[in-house]
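The values are calculated or read from the model by the stated rules, or taken from the named source; none is laboratory data. Please read these numbers as outputs of a predicted model, since none were measured by experiment. For neighbour counting, all protein chains shown are included, and Cβ atoms are generated from backbone atoms with ideal geometry for every residue, glycine included.
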Amino acid sequence: MNGKNITHLSLKYLIFITILFSSCQNKISQVETTATYGAAAKELMEAVEKDSTLKSLLVASIEKAKQLNPDTATNPAQSLDAYYAYISKMEKSVPWTLVRDSQHPSVFSNIITALCAFYFPIDQPMAQLESNGCYNNAVEYSKPFASWLTTFNNSWRRYLDSDSSWNDSYYQIVLKDTAFGLQKNWYESPSNWKTFNQFFARQLRSPAARPIASPDDNSVVCSFADAEPQGTWAIDGNSNIVDAKGVAVKSANIKSIEELLDNSQYKDSFANGALTHSFLNVNDYHRYHFPTGGVIKEARLIQGINPTGGHLSWNSTEKRYAFNPSAPDWQMLETRGLVILETDEYGLVALLPIGMATVGSVNFMDNIKVGAKVKKGDMLGYFLFGGSDFIMLFQNKVQFTLDAPKAAGNGAYQHLLMGERLGRLTKRKAGKAHM
């Protein structure tokens, strides 16, 4: 073999080795990159690669969101890879560290923007989903993706339950933000907070921090949480909300009480009764208490998918996200609790703490069991990050009057602290419906 052939073979061998080395390096790089993703992100990546329809929908939805909001500060997921990266970051972060909203820099605003940045890319109406029965024709409500949302919620909750999710610098951040009320000596010692969720579900230092209105008078209904009352709605004889528009609570435009109660044995017990609900904000005390006393007849959790809570839009002028609560009437989407309480004088009362995006964790205290007798003000349970609305239902045999004070100017109700007077109950003559 002459030198020319040897040189030719050596060159081919060198090219082969170079290609092989490059291929190995790429595979190692891909493994290293994949290893940086969180468990939920990896699961979504695998699902997307196996499902070309899901992939095309997700890419198109992200692109549509990018066209509406190209700002990477408030909409960092401008591509599929960027969405994977954002999911992974969320899985290992406390919510206010995910974005820096320079237009609205408070802790509260950064939390809201961080959640919107997760949902906005998957909340766009897609023509391809018009025949699939998905609310808003959005990817987040489609079955493959909606199932994955539960995986993500669980993954993020595990982090927010871990010691890695809390430190003194985080405490100092919320201490300086007066919206959380940590300066008011309401709460237990901060030394008890080892995780983000322990801070979020913080307990009161003593019952004196939230006095109960007329504790021995069940005709006075107290606020079950720190929350803002939203109003009352009549229920008709078929157990549907009388108002044709229903009542918007999170992602559900509630019309059917039967669906709300998830076919409880008491699903028809509130015909011709009334519904009221109150909204808890992210900075509120997130434990909920019994608004009246009685005996527990039913207690259970109803699992949901916890989507956005009303489809999102981007206000390009104000540079902020906005919720448009025009929601489905064919199902209830959020995880929620259900407790049926039998009072001595005022019939049955249904209590429903409602979860929300993203974690939607609704929890009862260990003593919440059928047959247990409770007093007004006793603790019912708590939300971990992502909870925050509370519904009450009353029967036809009573009239519930929401008489909480209203804010000046706009007609909205003032924010109440848990235990403050929400309204009153009076007995009515049999057969007379709520008006």
Check: Cβ-Cβ below 8 Å, separation at least six or inter-chain, first residue in the stretch 110-133 and of a type in the set (G, A, S), second part of a loop (DSSP other than H, G, I, E, B): which pairs?
Finding: A114/L98; A114/V99; A117/T74; A117/N75; A117/P76; A117/A77; A117/L98; A117/V99
Item checked: Test: D389 is among the charged types (D, E, K, R) and under 29 Å from A146 (Cα atoms) -> yes
Next item on the list: Scan the stretch 210-225 and give yes if some residue there is surrounded by fewer than 16 Cβ atoms within 10 Å (Cβ to Cβ), among the polar types (S, T, N, Q) and in a helix (DSSP H, G or I), otherwise no.
Entry: no
Item checked: Pair list, Cβ under 8 Å, 6 or more apart: the stretch 41-60 residue touching a residue at least 40 places away in the same chain (Cβ under 8 Å) and at negative phi, other residue outside any helix (DSSP H, G or I) and of a type outside the set (S, T, N, Q) -> L57/M126; A60/M126
Note to self: So for the stretch 77-89 (the condition being closer than 19 Å to S313 by Cβ and among the charged types (D, E, K, R)), does at least one residue qualify?
What the structure shows: no
Item checked: Residues being within 13 Å of M90 (Cα to Cα) and either modelled with pLDDT of 95 or more or of a type outside the set (G, A, S) (or both) - total across the stretch 152-163 -> 8
Check: Which ones in the stretch 78-100 are buried (at least 22 other Cβ atoms within 10 Å of the Cβ) and either touching a His at 6+ places or on another chain (Cβ under 9 Å) or farther than 13 Å from A40 by Cβ (or both)?
Finding: V94, P95, W96, V99
